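Accompanying notes for the structure given below.
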Amino acid sequence: MTATVQPVIMTADLNRLLAFYTELLGAVQTSPVPDEGPAFYVGLQASDSELGLVADAEGGADAPGRVLLSIAVHDVDSVLERVTALGGRVHGPPTNMPWGQRAAHIADPNGNAVNLTQPNFNLT
């Protein structure tokens, strides 16, 4: 199975973290979501790596679970079926996002937050 793993940092101050990583790494903003208006997600490209930043009012410096892994897989539903048997927890059913992505939220056996995503999901 092929998968792409992306670290995502949750923050109460998206603009501050965006400026920090842009300046620190020379990163380039690649994908704000939504395209217009206040972003709740910003992708940053730093060399051959991508870092995601997510606005989360509870994602302050002392909050637990500020970092999660976002893993792009070919078929969210088939991967999700195996999570519990492998010792993880499923936090709910997959959701079709309006930007064309299917996503499911899980925890690995150690309790780490993981998003399983299926890019370019056909919503029709």
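Structure summary
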{"quantity": "Highest-MSF residue in the chain out of 74, 91, 105 [GNM, Cα springs under 10 Å]", "calculated": "91"}
{"quantity": "Inter-probe distance in nm under a simple model that places probes 7 Å from Cα toward Cβ, at residue 16 and residue 69", "calculated": "2.9 nm"}
{"quantity": "Computed helical MRE - 222 nm, the chain, DSSP H runs ≥ 4 contributing -39500 (n - 2.57), nearest 500", "calculated": "-4500 deg cm²/dmol"}
{"quantity": "Square roots of 5 times each gyration tensor eigenvalue, C-alpha, the stretch 3-118, largest first, Å", "calculated": "25, 16, 14"}
{"quantity": "Inter-probe distance in nm under a simple model that places probes 7 Å from Cα toward Cβ, at residue 6 and residue 36", "calculated": "2.3 nm"}
{"quantity": "Max mean-square fluctuation residue, GNM over the chain, Cα-Cα springs under 10 Å, options 44, 86, 53", "calculated": "86"}
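Each reported figure results from applying straightforward, stated rules to the coordinates on display, with no laboratory input. Predicted, not measured: the structure shown is a model, and the values here were computed from it. Methodologically, a virtual Cβ is constructed for each residue, glycine included, from the backbone with ideal geometry; neighbour enumeration extends over all protein chains shown.
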